[in-house]
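Down below is the structure, laid out as structure tokens.
What follows is calculated from the coordinates using simple rules that are stated; it is not laboratory data. Worth saying up front: this structure is predicted, and the values here are computed from it rather than measured. Every residue, glycine among them, receives a Cβ derived from its backbone with ideal geometry; neighbour counts consider all protein chains shown.
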Amino acid sequence: MKAVATIVLATMLFAGGASAQTPSQLITAKQLLDLCTSQAPDDSVRCNGYIQGAFEEVKGDAALPGVQPLCLPLNVSNSQLRDIVIKVLRDHPARRLGASLAYLALHEAFTCNK
């Protein structure tokens with residue numbers, strides 16, 4: 001149920017700007033960093049929605065065969081997820097898409113050390 005709510009929220013958040021975006025104009029790592037470090041409330045909501053979507057993807061992929069197991073905390077907060085993603089975005093100001101970098105940051109942060 002939580003995943004469905006996240007998808008609905010993310011869809012609503014990006015619906016306003018979606019008509020202006022084409023696949024070649026997906027959010028970049030720099031754009032995501034700008035959103036996540038902005039003081040504007042709307043940007044903060046969009047950042048959290050984007051990161052929650054990446055987190056849900058990481059959790060879903062963890063159940064796939066051949067994927068390294070993850071150790072996901074029970075009560076991770078939005079601000080903790082945001083801090084993880086912001087650190088990686090700052091450490092790797094590459095020309096990657098924001099979604100892929102957010103996904104990699106969260107996957108790396110929660111990979112079990114076995």
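If amide hydrogens are placed 1.01 Å from N in the peptide plane, which non-local residues have theirs closer than 5 Å to the one on THR28?
Amide H to amide H, under 5 Å and 5 or more residues apart or across chains, THR28 pairs with GLY98.
How far apart, in nm, are the 7 Å Cα→Cβ label points at CYS71 and ASP43?
About 3.5 nm, to one decimal.
Roughly how many nanometres apart are two label points built 7 Å out from the Cα toward the Cβ at ASP34 and ARG96?
In this crude spin-label approximation the distance works out to 2.0 nm.
So what J values fall out for the stretch 72-83 if you push phi through Karplus, 6.51 cos²θ - 1.76 cosθ + 1.60 with θ = phi - 60°, rounded to Hz, Gly and Pro as x?
8, x, 6, 10, 6, 8, 4, 5, 5, 4, 4, 4
Sequence-distant or interchain residues sharing an amide H contact under 5 Å with THR111, placed H: which?
Under 5 Å from the amide H of THR111: CYS71.
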